[in-house]
Every structure is written in structure tokens, then in C-alpha cells.
Amino acid sequence: MHRNGPQITYLAYADDIVIFSSGNSRSIKLIMEQIRKYERISGQMVNKDKSCFVTRPKTCAYRINRLRVCTGFLDKKFPFTYLGCPIYIGKKRISYFDGMVSKIIKRLNAWQGNILSCGGRQVLIKSVIQSLPIYIPSAINPPKGTLELMERHIANFF
């Protein structure tokens, strides 16, 4: 964050919020003050088990521990998932999209033992399998290898 910029910026979607901060004591105190104010006014409590903070990869342990104590939140490492999409630093990796591929594999494996006609398999692929990975590819372009892996599993089932 730029030194002369705002101390806090955020992204919000429904009841999820991502807060970006420089991580200095003043910013963290301001964030926690606003969270406590929100809890007091709304009567809703922030779920500390679902809340976390993410620091840059080479942040020292002292600073991470200080943030844990100040916020009461645990820390997470990159990559992590937010609203079903992988959030990562650097180059896209196939492993970041393993969840999307594993959903398809799990569904296909459940059907594998069934005696299905060619038409039955086609209907299942078109109506169920192709609708599973719609959200993530619309938000983030997965690597070509991920799409090829999904196609290979679908072809083997067919």
C-alpha cells in the first residue's frame, strides 16, 4: 500500500469481506476498532474460526505472532480459496485448481460401476459434469493443463 494512501481498503461480497492493510500497528488497531464497532451496532459477531489474515510469504514470525494476538485470527498462506476461487501469488498452477478437478473425478467414479448406455453417459456428462465447473472458470481462467485433465477424465468415463 502507498504510504500516503488510505490506511484500509476492502472488497466486500454479501457477508464476506477482504480487508487490505499495510499491517502496521495503527492500521490493525483501526481495523479491529471498526470490527468491534460493527459487532456492537449490528449485534452480529465476527466468526474468529472462519476469519484469518494473510501476509506476504517472507513475513517474520514475530510480526505474524503480533498480528495473531492483536486480531485473534489465525494466519493463512498462499494459495487459499475465497468464494470458491483460488487466490495465489505468481504463476497459475494446476494444483490450485485441484478442487474443481476432484469434484468431477468424484462424481464420475460414483457412476463408473453403473451399467449405463452410451446415451445415458452422454446425458450425465452434459447435464451434470459440464455444469460443475462453471463458476471458477468464469471468474479465473484455469491453466490449460487443468482443462485437459478434466477432458481426459470425462473421455475415459465416456
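Summary table
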{"item": "Principal axis dimensions, the chain - Cα atoms, whole angstrom, descending", "result": "64, 37, 26"}
{"item": "Helix axis angle, 61-71 relative to the chain longest principal axis, alpha carbon, degrees", "result": "80 degrees"}
{"item": "Nearest-ten-degree value, helix 25-42 long axis tilted from longest Cα axis of the chain", "result": "70 degrees"}
{"item": "Over region 79-158, relative contact order from alpha-carbon pairs under 8 Å, at least 6 apart, %", "result": "42 percent"}
{"item": "Antiparallel DSSP beta bridges within the chain, as percent of all bridges there, nearest 5", "result": "75 percent"}
{"item": "0 to 90° range, to nearest 10: angle between helix 98-112 axis and the chain longest Cα axis", "result": "30 degrees"}
{"item": "Diffusion coefficient, µm² s⁻¹, Stokes-Einstein with Kirkwood Rh over alpha-carbon pairs of region 87-158 at 20 °C and 1.002 mPa s", "result": "164 µm²/s"}
{"item": "Viscosity 1.002 mPa s, 20 °C: Kirkwood-radius Stokes-Einstein D of region 44-119 over Cα pairs, µm²/s", "result": "135 µm²/s"}
{"item": "Alpha-carbon Rg/Rh ratio, for region 11-88, with Rh computed the Kirkwood way", "result": "0.95"}
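Laboratory data are not the source of any read-out in this text; all were calculated from the coordinates shown. Everything numeric in this text was worked out from a predicted model, so none of it was measured.
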